[in-house]
Amino acid sequence: MMLEYPNDLKYTDSHEYIRLNGDIATIGITAFAIDQLGDVVFIDLPEVGTTVSKGEPFGTVESVKAVEDLYAPISGEVLEANLGLVDEPEKIAADPYGDAWLLKVKIADPDVLNEAMSADDYRSKVEGL
């Protein structure tokens, strides 16, 4: 399977992505992470109004192989959680960069995004190029 890494996103070492729209960040997990996990059976996300902190776990994703923590790539307040994925976690594999986002967060400090990887850097890291 050919994995995609959209160029308009920023990426983290822990395989989350960030799509910025003003001071709102949409956060999800990458196609690479989903490919590694296999069939996702459970997703746990924080409630709206919760504050997430950069580098700290904000939820979990469970597959038939493993349970992995989800790490916040930025700090801020959760404005929206994708409850559709909580109800149907298997849908995360279908469109990880579109409908299968996890959180929308109001960013506390946009400069933090400077620390995230570009699509090319992330591709090199995960594909070992």
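The values are calculated or read from the model by the stated rules, or taken from the named source; none is laboratory data. From a predicted model like this one, the values you see are computed outputs, not experimental measurements. Neighbour counts run over all protein chains shown; Cβ positions are idealised from the backbone, glycine included. The accessibility values were calculated without ligands, DNA or RNA, using every heavy atom of the protein model including side chains. Shrake-Rupley method; radii C 1.70, N 1.55, O 1.52, S 1.80 Å.
In this structure the amide hydrogen of Gly55, modeled in the peptide plane, comes within under 5 Å of the amide hydrogens of Ala72, Ile74, none closer than 5 places in sequence on its chain. Each peptide in 98-111, 21-34 was scored by the mean count of other Cβ atoms within 10 Å over its residues; highest first, the order is 21-34, 98-111.
Projecting the Cα positions of Trp101, Pro57, Asn114 onto the charge dipole of the chain (unit charges on Cβ atoms of Lys, Arg, Asp and Glu, taken about the Cα centre) puts Asn114 furthest along the positive direction.
Helix-only arithmetic for the chain: the sum of -39500 (n - 2.57) across DSSP H runs with n ≥ 4, divided by the residue total, places the mean residue ellipticity at 222 nm at -4000 deg cm²/dmol. Each of Glu77 and Ala108 was given a label point 7 Å from its Cα along the Cα-to-Cβ line. The distance between the two points is 1.3 nm.
Compared with the alpha-carbon gap, the fully stretched path from Thr51 to Asp120 is longer by 21.8 nm at 0.36 nm per residue. Excluding ligands, DNA and RNA, the accessible surface per residue across the chain is 53 Å² with a 1.4 Å probe. In terms of Cα atoms, the Rg and Dmax of segment 18-71 work out to 12.2, 37 Å. So, with a 1.4 angstrom probe, what is the percent of accessible area on the chain that is carbon and sulfur? Using a 1.4 Å probe with all protein chains present, the chain comes out at 46 percent carbon and sulfur. Counted residue by residue at 0.36 nm each, then reduced by the alpha carbon distance between them, the extension gain from Ala66 to Asp87 reaches 5.7 nm.
At the residue level, Ser118 shows approximately 40 square angstrom of accessible surface with a 1.4 angstrom probe and all protein chains present. The charge dipole of segment 52-129, taken about its Cα centre with unit charges on the Cβ atoms of Lys, Arg (+1), Asp and Glu (-1) only, comes to about 80 debye. Rg over Rh for the chain works out to 0.93, using Cα positions for both radii and the Kirkwood form for Rh.
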